[in-house]
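The values are calculated or read from the model by the stated rules, or taken from the named source; none is laboratory data. Since we're looking at a predicted model, the values are computed, not measured. As a convention, Cβ positions derive from the backbone with ideal geometry for all residues, glycine included, and neighbour counts pool all protein chains shown. The protein model used for the area step is the full one, side chains on, heavy atoms only, and it has no ligands, DNA or RNA in it. Shrake-Rupley method; radii C 1.70, N 1.55, O 1.52, S 1.80 Å.
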Amino acid sequence: NRISTNLEEYIDKNDIGDGDWVLSKNMDEKGNIKLIQLKHIGSGKYIDKPYCKINNSFFTQNKCSKIKKDYLLINRLISDKMNVCIMPDIQSKCITSVDVCWIKPNNKYLTKYLMYYLMSPCIQKEVLNLCSGSTRKRISKKNLIKIPMLIHNLNVQKEIVKEIDKIFSLIDCM
């Protein structure tokens, strides 16, 4: 069973957001909050690179959004594709930068299924058609969640994820 829909119908408005505006002057190398940036979001995998940091005072004053393990992270700044990954367990309080969209997991879909779906050629083509900007192309969160999708039931999602994971593990062994 497939349901033709879009992310807007599957995600509560409080379960999706854009990253926070953090400028160089807001960085604090002694801060204890890590900033997840575009460089951390690969195509289906999180890239472990050094972090910029902010302090609790900036976090509180700017009402930053805390990003947690298993959130879906989406790079909205598009060059030739939109990168998507799942947030790993970082063992630290984290936020994201403004060109990163985050989605909290929920029980209507598997986060990994959604990641794979957003990486698919049909969605990537839609993203490229919907992005805008004169110097740097971006897809807005509003446009992203309106892209038509076919969301399978959870059992089918599990099978699809299992098969894709199997294929990736075969490729990794080559």
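Just checking, does region 103-115 include any residue being open to solvent by 20 Å² or more (accessible area, probe 1.4 Å) and of a type in the set (Phe, Trp, Tyr)?
Initial filter on region 103-115 (open to solvent by 20 Å² or more (accessible area, probe 1.4 Å)): 104-108, 110-112.
Cutting the leftovers down to of a type in the set (Phe, Trp, Tyr) gives us none.
Taking every residue of region 103-115 in turn, none turns out to be open to solvent by 20 Å² or more (accessible area, probe 1.4 Å) and of a type in the set (Phe, Trp, Tyr).
Restricted to region 131-174, and to residues that are farther than 22 Å from Gly17 by Cα and small (Gly, Ala, Ser), which residue is least open to solvent (accessible area, probe 1.4 Å)?
Top of the filtered list is Ser169.
Report, by residue number, each residue of region 90-106 that is more than 18 Å from Ile145 (Cβ to Cβ) and in a loop (DSSP other than H, G, I, E, B). First the steps, then the outcome.
Taking region 90-106 as the starting set, the residues that turn out to be more than 18 Å from Ile145 (Cβ to Cβ) are 90-95, 97.
Ile90, Gln91, Ser92, listed by residue number.
Considering only residues that are among the aliphatic types (A, V, I, L, M) and over 12 Å from the mean Cα position of the chain (by Cα), look in region 50-86 and name the one that is surrounded by the most Cβ atoms within 10 Å (Cβ to Cβ).
Among them, the one singled out is Ile54.
Assess whether Leu128 counts as being surrounded by fewer than 18 Cβ atoms within 10 Å (Cβ to Cβ) and farther than 19 Å from Ser43 by Cα.
no
I'm checking my understanding of the structure. Among residues of region 1-29 that are open to solvent by 90 Å² or more (accessible area, probe 1.4 Å) and at pLDDT 90 or above, which one is nearest to Val100 (Cα to Cα)?
Selected residue: Trp21.
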